[in-house]
Amino acid sequence: MQHFVKPIGDAMKCGIFRTVAHSCDITNETKRNEMNINDLTFGQIKEIASMFTAQSNTREIDKPHPFVGQYVIIRSYSAGVHAGTLLSKVGDEVMLENSLRLWQWESAEKAVALSGVAQTGLKSGEKVDLLNPTHCINDVCEVIPCSDKATKSIRQYEQK
């Protein structure tokens with residue numbers, strides 16, 4: 001039995017295929033509309049695979065995030081709020097160096113959002129977890145570069 005990839009309607013334009021098993025007694029009409037997976041070249045396989053991967057992720061890997069090397073605050077849907085030096089960002093995954101989880105935070109100057117914390121720093125006495133030398137965080141929805149003032153305010157918790 002041979003396996004063929006058959007486009008579903010206009011799915012060929014979208015890169016959506018389904019594998020259909022056919023016996024060897026296929027009519028000429030059917031053969032004309034299908035391709036044999038076993039006959040594909042490596043280049044054709046790569047082209048098909050690229051239809052299923054986000055091309056923007058490839059570009060992000062090639063070009064580093066503009067905040068790499070800066071002290072940042074990040075917000076993650078699943079892991080909360082962290083501060084540290086940005087090592088890399090690919091898609092929604094961030095790698096931080098000397099990372100602190102900001103468990104409970106309030107801006108030093110009564111700002112109401114993390115962007116305010118990134119500018120003014122933390123109010124004294126906030127809950128910050130222990131320092132992590134390297135931390136990979138997924139589901140990141142926000143990366144905010146910190147001012148020098150905020151960096152100094154947050155980094156004081158590295159010593160505690």
Mind listing just one residue for me: the one in the stretch 129-149 that is in a strand (DSSP E or B) and under 16 Å from the mean Cα position of the chain (by Cα) and, of those, surrounded by the fewest Cβ atoms within 10 Å (Cβ to Cβ)?
-> Cys141
Taking the condition free of Cβ contacts under 8 Å to residues at least 40 places away in the same chain, surrounded by fewer than 18 Cβ atoms within 10 Å (Cβ to Cβ) and either at positive phi or of a type in the set (Gly, Ala, Ser) (or both), does Gly125 pass?
-> yes
Considering the stretch 139-155 alone, what residues qualify as being of a type in the set (S, T, N, Q) and at pLDDT 95 or above?
-> Ser147, Thr151
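The values are calculated or read from the model by the stated rules, or taken from the named source; none is laboratory data. Quick caveat: nothing in here was measured; it's all calculated off a predicted structure. Here the Cβ is made from the backbone with ideal geometry for all residues, glycine too, and neighbour counts use every protein chain on show.
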